[in-house]
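Reviewing the structure listed below.
The values are calculated or read from the model by the stated rules, or taken from the named source; none is laboratory data. Keep in mind the model is a prediction, meaning the values are calculated, not measured. Positions of Cβ are generated from backbone atoms using ideal geometry, with glycine treated the same way; all protein chains shown enter the neighbour counts. All accessible areas refer to the heavy atoms of the entire protein, side chains included, with ligands and DNA or RNA removed. Shrake-Rupley method; radii C 1.70, N 1.55, O 1.52, S 1.80 Å.
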Amino acid sequence: TGRALRPLRLRYVAQNISLGRDDGLTQFTRPDDSPVPAILTGRASARFKETVTRGTVLVLRR
């Protein structure tokens, strides 16, 4: 279209490890991917990851 592209600002908010459908570990991070002292474990972590995954699919389908 001839328009200039905007720079992509990719920032991390968390790192996740899945331990099955009902268990996991989520470590929250700063935008530079350094950790902060906040985590989710167990079912809450699994639900967080499922929400992020579903949200990604919905955005890509637009």
Could you please tell me which pairs satisfy a Cβ distance under 7 Å, a separation of 6+ or placement on different chains, a first residue in the range 31-59 that is more than 11 Å from N16 (Cα to Cα), and a second residue that is surrounded by 10 or more Cβ atoms within 10 Å (Cβ to Cβ) and of a type in the set (S, T, N, Q)? P35/Q27; P35/T29; V36/T29
Could you give every pair whose Cβ atoms fall below 9 Å, whose first residue belongs to the range 1-24 and is within 19 Å of A38 (Cβ to Cβ) and without any contact (Cβ under 8 Å) to a residue 24 or more places away in the chain, and whose second residue is open to solvent by 90 Å² or more (accessible area, probe 1.4 Å) and part of a loop (DSSP other than H, G, I, E, B), counting only separations of at least 6 or pairs across chains? R11/R30; R11/D32; Y12/R30; Y12/D32; V13/R30
